[in-house]
Amino acid sequence: MDLAQTAALVGDPARANILSALLDGRALSAGELAFFARVSPQTTSGHLAKLTDGKLLSVLKQGRHRYYRLATPQVAQMLEVIMEVALQGPQRHRPVSQRDDAMRTARTCYDHFAGRLGVGLTDALGQRGHLILSEQGGELTESGTAFLREFGIDLDAARHRRRVFCRPCLDWTERRLHLGGAVGAALCARCFDLDWFTRSRDSRALATTAAGARGLVEVFGVRL
C-alpha cells in the first residue's frame with residue numbers, strides 16, 4: 001500500500017475517530033467503535049473492513065465476537081506523529097473542555113503513558129539516572145534496570161518482545177519526549193496491575209486512583 005492509500009484511509013473523519021479510539025491499545029467491538037465513529041453500525045462495518053484490508057487494524061475472534069485493534073505499534077506511532085503535525089498547522093479556536101484537560105494530564109499512547117503523566121515519569125527516571133532518553137534513542141542504566149525490577153517489571157520478558165526495547169516518543173500535547181517501546185509498555189501495564197489508574201469510556205484519558213496518587217509520589221516523586 002502506498003502513501004496516498006494510507007493517507008486516504010486515515011483521512012476519513014469516521015475512520016480517524018475509530019483509529020483514535022484504539023490508540024489506548026485496547027481491542028473494541030464494532031458496536032463500541034460505531035459510538036466513537038459517530039456513524040451507523042452498517043457504515044462502521046464498511047470502515048472497519050477497509051482499515052483491516054489496509055493492514056491498519058487486526059481482528060481478534062472470540063467465539064462469535066470480533067474485536068478490532070491497531071495492527072502494530074508502528075500504526076500508533078504514525079497516528080501520534082500525524083497529531084503532532086496537525087497541532088503545528090493553522091489553529092482553529094475551540095474552547096478547552098474538561099475532556100481536553102484530562103487528556104493532557106494523563107492518557108495512554110497505544111500501550112504506554114503520555115501527557116503530563118508520561119512526561120513526568122520520564123523526567124523522574126532521567127533525573128534519578130535510571131534512563132537516558134533523547135530524540136535519537138533511549139537506554140536504561142544499571143540503576144534503572146534494578147529500579148524497575150524492584151517495582152515489579154519483568155524486563156527480561158520486555159527484551160524479548162518483537163519491538164524496540166526503549167525508545168523516545170514525542171508527546172503531541174506536551175511537545176516533549178516520553179518513554180515508549182517495550183519498557184514504556186511494561187511500566188504502563190504494571191501501574192494498571194497495581195490499580196493506579198482507571199480508563200475513561202469515551203477517550204484515552206486516565207483517572208488517577210487514590211492508590212495511584214500515593215504511588216506516583218512515593219515511588220517516582222511525581223504529582224499530577
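Remarks
- Only one residue of ALA7, HIS130, HIS178 has its Cα farthest out toward the positive end of the dipole of the chain, where Lys and Arg carry +1 and Asp and Glu -1 on Cβ, and that residue is ALA7.
- Stretchable slack from SER20 to ARG128, in nm (0.36 nm times residue separation minus alpha-carbon distance): 35.5 nm
- Principal axis dimensions, the range 35-186 - Cα atoms, whole angstrom, descending: 53, 45, 26
- Estimated distance in nm for a label pair at ARG66 and MET78, the labels positioned 7 Å out from Cα along Cα-to-Cβ: 2.0
- If the chain linking ALA213 and GLU142 were pulled fully straight, counting 0.36 nm for each residue of separation and taking away their Cα-Cα distance, it would gain 22.9 nm.
- Bins of 5 Å, starting at 0 and running to the largest distance - Cα pair percent for the range 41-88: 5, 18, 22, 21, 18, 10, 4, 2, 1
- Sites LEU3 and GLU150, calculated FRET efficiency, Cβ-Cβ separation with R0 41 Å, nearest 0.05: 0.35
- For the range 1-51, the equivalent ellipsoid built from the Cα gyration tensor has semi-axes of 18, 13, 9 Å, listed from largest to smallest.
- Rounded to 10°, Cα long-axis angle of helix 73-87 versus longest principal axis of the chain: 80
Values quoted throughout were computed directly from the atomic coordinates according to the rules given, and no laboratory measurement underlies them. Because the structure is predicted, anything quoted here is derived from the model rather than measured. All Cβ positions, glycine included, derive from the backbone under ideal geometry; neighbour counts span all protein chains shown.
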